[in-house]
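Undergrad: Supplied in structure tokens, the structure appears directly below.
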């Protein structure tokens, strides 16, 4: 009976041993963002292997789009040139990858991502899963006349606060975070939430939905939404007529 009780534990230990993992290289990249333009046709990425073993990497280029709900869409592209596409970096060493654009600057910014993927080690150990490093570096081909803009729209309906973070400008901005503050008719704060930000690419928007508790919703008189970006802060105050939106 005691042996039967120990059997699940033995199986668990065997599975854990078989599926043990070893982490890949620790790689640093500089710069973390590449900006190209009509006056700057190329840039170099510096990759540094801070791990204890040599590592091999493959470089690919992708056109980058964002959906309103925050999903990243990547499609391989020939718009970017890069060299080398395959490289090996020894421990403590650095290599550089030169990146350039095949498309000219236009009226609207173009957005891409360079993906640097670690390749499996040639001396892999049977039964050990290697966790490989994957770096994603934004690349922007900036327009001839950049016009950065940030806009916010909020509305309360069916007990949910719907926030539209809009970019009517022709270059990206990166939102650090959004702060949502709801106040009662007397001016007291009845809700204070912080939402995570991300890139909003040129002429796109990001949609957020925040559920408001029923007991709070009925008291809301105004909502102030503030987005903090790398260029500063933008706020909008929305008045909520009594008894609406819930």
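Undergrad: Given the convex hull over the Cα atoms of segment 93-218, what projected area results after averaging over all orientations, in nm²?
TA: With every direction weighted equally, the projected area is 14.3 nm².
Undergrad: Semi-axes, largest first, in whole Å: what does sqrt of 5 times each Cα gyration tensor eigenvalue give for segment 23-141?
TA: One finds semi-axes of 29, 17, 11 Å for segment 23-141.
Undergrad: Continuing with the same structure: Take the Cα atoms of the chain, build their convex hull, and give its volume per residue in Å³.
TA: Working: hull volume 49.9 nm³, N = 246.
Output value, Cα hull per residue: 203 Å³.
Undergrad: Also, quick follow-up: Once the Cα atoms of helix 2-18 and of the chain are each reduced to a long axis, what angle between those two axes, in degrees from 0 to 90 to the nearest 10, is obtained?
TA: 90 degrees
Undergrad: Sticking with this one: Starting from the Cα-Cα distance between residue 63 and residue 149, subtract it from 0.36 nm times their residue separation and give me the gain in nm to one decimal. Before the final figure, lay out the partial values.
TA: Details: separation 86, 0.36 × 86 = 30.96 nm, distance 2.23 nm.
Full extension of this stretch gives 28.7 nm more.
Undergrad: Could you give the length gained by full extension between residue 30 and residue 136, i.e. 0.36 nm per residue of separation minus their alpha carbon distance, to one decimal place? Walk me through the intermediate numbers first.
TA: Details: separation 106, 0.36 × 106 = 38.16 nm, distance 1.18 nm.
Extra length from residue 30 to residue 136 when fully extended: 37.0 nm.
Quick note: the coordinates plus some simple rules give every number you see, no bench work behind them. Everything numeric in this text was worked out from a predicted model, so none of it was measured.
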